[in-house]
Amino acid sequence: MQKPLLIIGNKNYSSWSLRAWLLLKAFNIDFDEQLIELFHPSARPTLEAHSPTGKVPILIYGEHKETVTVWDTLAIAMHVNEYFTDIDVWTGINKSDAKKWNSSQSRINSAYCQSIVAEMHSGLTGIRNEMPMNIRATAKIQPSDACLTDIARIEDIFADCLEGRSEDSFLFGHFTAADVFFAPVMLRLQTYADASSIELKPTTKQYCETMLNNPHIQAWIDSALKETRVIEEDEAGEIMSIAGILANK
């Protein structure tokens with residue numbers, strides 16, 4: 001199969017791009033990436049050519065009439081699971097291990113994973129609207145009740161998933177699509193929580209540390225800190241400090 005191309009936006013800001021990129025990296029899928037500038041005229045031709053929604057990420061492979069295009073992050077996760085990996089993205093279990101993959105516990109975990117991924121994909125708009133991903137910044141906000149309710153719900157998800165597992169575990173022990181979809185949440189909390197005096201549970205802090213130690217997330221953060229463009233549409237709150245290249249300007 002031809003190596004797929006993943007079209008993404010600015011790494012400092014584009015949370016949905018991070019999800020698709022991290023999914024491909026975590027499940028060992030070789031791909032090329034093309035970064036376009038969010039909210040910039042230069043991005044319009046690429047988006048118009050490949051995305052009916054005008055949004056990133058976009059996964060493309062094949063040629064001419066056989067070109068396959070997937071333009072939604074959840075759709076990318078489902079498509080990748082079906083065609084690109086031998087590891088089930090909902091459980092982290094190798095599909096060839098039929099006994100484990102078809103076990104009752106695997107089905108329970110798969111259902112839970114799919115449910116919280118869908119919940120993240122379609123909801124939790126309070127935290128997403130008030131805490132836009134801004135990796136290089138530390139910023140102070142005044143969170144609304146809706147935002148705090150979302151954070152409480154996310155912390156409940158983390159605690160429920162991690163109950164009975166080791167401290168350095170991913171949400172289902174193995175790395176899954178749930179870790180992919182909640183990765184930007186961890187980066188949002190890093191940007192805003194302490195600066196905004198939002199107290200997080202120990203379970204949440206431990207999970208954030210686990211995710212920050214993931215080499216793929218570290219690579220994404222490193223790239224984000226090298227970006228210089230400031231997108232006002234994705235800036236929020238009172239900026240307390242800036243890291244990366246912009247910190248020296």
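The values are calculated or read from the model by the stated rules, or taken from the named source; none is laboratory data. A quick note: this is a predicted structure, and the numbers were derived from the prediction, not measured. All Cβ positions, glycine included, derive from the backbone under ideal geometry; neighbour counts span all protein chains shown. Accessible surface areas use protein heavy atoms only, side chains included; no ligands, DNA or RNA. Shrake-Rupley method; radii C 1.70, N 1.55, O 1.52, S 1.80 Å.
Here Ala75 meets each of (1) touching a residue at least 24 places away in the same chain (Cβ under 8 Å); (2) in contact with a Leu (Cβ under 9 Å, 6 or more places away or on another chain) with one exception, condition (1).
When segment 170-224 is filtered for residues that are outside any loop (DSSP other than H, G, I, E, B), open to solvent by 20 Å² or more (accessible area, probe 1.4 Å) and of a type in the set (Lys, Arg), only Lys205 remains. Among the residues making up segment 61-72, those that are crowded, with 18+ Cβ neighbours inside 10 Å and either in contact (Cβ under 8 Å) with a residue 60 or more places away in the chain or of a type outside the set (Val, Ile, Thr) (or both) are Tyr61, Trp71, Asp72.
Looking at segment 39-55, can you tell me whether even one residue there is buried (at least 20 other Cβ atoms within 10 Å of the Cβ) and in contact with a Ser or Thr (Cβ under 9 Å, 6 or more places away or on another chain)? No; the residues of segment 39-55 include none that is buried (at least 20 other Cβ atoms within 10 Å of the Cβ) and in contact with a Ser or Thr (Cβ under 9 Å, 6 or more places away or on another chain). Taking the criterion of being crowded, with 16+ Cβ neighbours inside 10 Å and in contact with a Leu (Cβ under 8 Å, 6 or more places away or on another chain), would at least one residue in segment 235-243 satisfy it? Within segment 235-243, not a single residue is crowded, with 16+ Cβ neighbours inside 10 Å and in contact with a Leu (Cβ under 8 Å, 6 or more places away or on another chain).
Of all the residues in segment 85-125, those that are touching a strand residue (DSSP E or B) at 6+ places or on another chain (Cβ under 8 Å), part of a helix (DSSP H, G or I) and under 30 Å from Pro52 (Cβ atoms) number 1.
From the list Glu33, Glu82, the one residue that fits, being open to solvent by 20 Å² or more (accessible area, probe 1.4 Å), assigned to a strand (DSSP E or B) and not hydroxyl-bearing (Ser, Thr, Tyr), is Glu33.
Of all residues being in a loop (DSSP other than H, G, I, E, B) and out of contact with any Leu (no Cβ under 7 Å at 6 or more places or on another chain) in segment 1-10, which is modelled with the lowest pLDDT? Just the residue, please. Looking at residues that are in a loop (DSSP other than H, G, I, E, B) and out of contact with any Leu (no Cβ under 7 Å at 6 or more places or on another chain), I get Met1.
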